[in-house]
Amino acid sequence: PVGVPSTTPSVVPSTTPSSNTPSTTPSVNPSVVPGHPTKEPSASLAPSYSPSTLPSGTPTTNVSDGPSQSPSGTPNMTPSSTPSGAPVGVPSTTPSGTPNMTPSSTPSGAPVGVPSTTPSVVPSTTPSSNTPSTTPSVNPSVVPGHPTKEPSASLAPSYSPSTLPSGRTNIIQSAPPSSSLVGLSNALQLSQQNGVTFSSSAIPSQSPSVTPKRIVGSTVLPSTQFCEPLSANTNTCSASDSEPFCRPYRQTDHCAFQDSFLSLIRNRKDTYTSDPLSLRSGGYWYDLIDDKLGGKLFAEEENIASPALKYCSANIFNGLDSFVPPASGGFVVKAVGFHSNKGIFVLPQGFDSIELLSGKVMSKADVQDALVASRAARVIIEDYVSGESPNTLPNEYKFHMFNGTVGSIVYVSNPGTPCACFAELDPSWNRIDNEGCFSPGNGPVTNGQCIHIDRTKKQPKQMKGMDLCSSVPPLDPSLLVKLTTTAQTVSQRVGVYMRVDMFVSNGSPIIGEFTAGHTGGKVHCSAPIDKTTGCADSCHLGKLWSGNGGTLSHGGPSTALPTSLVGFSDATWEQKCATKMASIKSP
């Protein structure tokens, strides 16, 4: 074995071992006792004790600078006596100096733990100092019966301990796992395990019955290989929060049509825009909640929290004349039929105060003129919900949902400010936007095992006026569970693909709106790394779409029409608004 002197030490340890490990082993580099690594694993989740039984397999990795020939016999790892207790891992006495590796005389007996037979060939390398020159730079990996390497950064040992750690460890995950997306079953498991999931490479073969609690979140910055770094920011973003970091390259991917998320969105929009009656005959109604008023009615029927509706009107030229602002509290004016922040006016203090998105003071007449200029046809007004501090907007969580399965999460930080930015994450809150963003190309075109992504143009473009965030702050696991559960409830009721947009107020999810056509099918930034092929899988949302059942053109199965939406498509918007306004009490 590597690191064992060519002759046997002359001094038998004076302390009788209380276990398989000699209690007088030096605390530094006790590498002369075959059968034990030189130190305990340093990873924060590694058990603080050695497994009670040894792995049955034989290490397959050889140290490059080991002996030129292997021992003719296998060392006997069985202790000469039964340990009376568990090893304490600390020598009972401290060595006064560096162990002398050269024996002064022949010992009268064989030390415990040394092979019963002497190798027939003595290693050709003679130690040049007290430390054998053939000791590997990493813990010895050729000692029979022990792991071949230290635990990796995956935060779990490469073997299953026979007992569980006695304590729980809180850590922040520093890198996203390479595993494929977690679906509904793992989202439920997330709840059962205090909001924690592990990548497949980090799961022991025998799962512990108690999972250490972790704070979910990734502090890894986006890769500048696919994202153009921004110049030094002159804003006043908090150092502890996300801030714009780089402008993602927009690249063309060549997924097959049935796996091209953006192509499927475009096709679906064309279908229900040109022939909405075909949706009803097929039992589909997702377009009705893409309408802001229809979404309000649906959320109310399903008892899902959303900002209270205060007013609606189809008279865009003077529709605000009839609106009586509440005596206290702010409100948000939204033009119907637009997405992102277009046609939205956030007024925490009401009219004649600062509008958050523009930073300007706006009167009722100013907002009315802006609505007319936007060519909006309809408008709704709802309660204002504050962010973490007064007069701010809350961060947004946009879930790509497929009949209960989370595809990915778009996180928007500091909306409506110079610090606004976004990130795309998997269901366990690990970043999957490190490959930049994608637009659809003709496919399928492959590059080896991977779908071809044309990275030659590298055009940096913002996503809805935002750049990619720097690090994403950790998310409370219980909040992630609440957000996921709310998104799943909506998604299973709708059936087909739908983006569920939420924010948080007082620790609880609030529905913002439902979006059937993410970016109009122009761009997405979700590309987890396939753990089998190592490919950036920009087609994975499309695969969830095509595997969601129902009709491919709609993205999932049909479900029963909500009672609140019966007749919604037959009535004019003026009639819909009048019916809803009749049920709203005066402020």
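The values are calculated or read from the model by the stated rules, or taken from the named source; none is laboratory data. A quick note: this is a predicted structure, and the numbers were derived from the prediction, not measured. In this analysis, Cβ positions are derived from the backbone assuming ideal geometry, glycine residues included, and neighbour counts consider all displayed protein chains. Side chains are part of the model used for accessible areas, which takes the heavy atoms of the whole protein and leaves out ligands, DNA and RNA. Shrake-Rupley method; radii C 1.70, N 1.55, O 1.52, S 1.80 Å.
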- Query: What residue, of 555, 550, 512, is at positive phi and open to solvent by 10 Å² or more (accessible area, probe 1.4 Å)?
  - Reply: 550
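If I ask for residues that are closer than 19 Å to residue 431 by Cβ, open to solvent by 30 Å² or more (accessible area, probe 1.4 Å) and at pLDDT 70 or above, which ones from segment 214-243 would you list?
221, 223, 224, 225, 228, 229, 230, 241, 243 - these are the residues of segment 214-243 that are closer than 19 Å to residue 431 by Cβ, open to solvent by 30 Å² or more (accessible area, probe 1.4 Å) and at pLDDT 70 or above.
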- Item | Pairs with Cβ under 7 Å, 6+ apart, first in segment 525-547 and farther than 15 Å from residue 438 by Cα, second open to solvent by 10 Å² or more (accessible area, probe 1.4 Å) and in a loop (DSSP other than H, G, I, E, B) | 530/180; 530/537; 531/178; 531/179; 531/180; 533/449; 546/552
- What is the one condition in (1) open to solvent by 40 Å² or more (accessible area, probe 1.4 Å); (2) in a loop (DSSP other than H, G, I, E, B); (3) under 28 Å from residue 523 (Cα atoms) that residue 266 does not satisfy? (2)
- Query: Between residues in segment 467-483 that are under 15 Å from residue 423 (Cα atoms) and β-branched (Val, Ile, Thr) and residues that are open to solvent by 30 Å² or more (accessible area, probe 1.4 Å) and not in a strand (DSSP E or B), which pairs lie under 9 Å by C-beta distance while being six or more apart or on different chains?
  - Reply: 472/219; 472/220
- closer than 27 Å to residue 386 by Cα and open to solvent by less than 20 Å² (accessible area, probe 1.4 Å): does that describe residue 309? yes
- Quick one: would you say residue 488 is within 26 Å of residue 553 (Cα to Cα) and of a type in the set (S, T, N, Q)? yes
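What helices (runs of 4 or more DSSP H), lying completely within segment 277-379, carry at least 1 residues that are among the aliphatic types (A, V, I, L, M) and at positive phi?
Where helices (runs of 4 or more DSSP H) fall fully within segment 277-379, none carries at least 1 residues being among the aliphatic types (A, V, I, L, M) and at positive phi.
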- Message: Take the residues in segment 326-336 that are in contact with a helix residue (DSSP H, G or I) (Cβ under 8 Å, 6 or more places away or on another chain) and not charged (D, E, K, R); name whichever of them is farthest from residue 573 (Cα to Cα).
- Response: 333
- Kindly indicate the residue of segment 244-263 that is of a type in the set (S, T, N, Q) and more than 23 Å from the chain's Cα centre (by Cα) and also least open to solvent (accessible area, probe 1.4 Å) among those meeting that condition. 263
- Applying the selection to segment 369-413, what residues are farther than 15 Å from residue 356 by Cβ and surrounded by fewer than 18 Cβ atoms within 10 Å (Cβ to Cβ)? 369, 372, 373, 374, 375, 377
- Inter-residue pairs, beta-carbon under 9 Å, first farther than 30 Å from residue 410 by Cα and modelled with pLDDT of 90 or more and in segment 319-341, second assigned to a helix (DSSP H, G or I) and not aromatic (Phe, Trp, Tyr), 6+ apart: 320/364; 320/365; 320/367; 320/368; 320/371; 323/364; 325/364
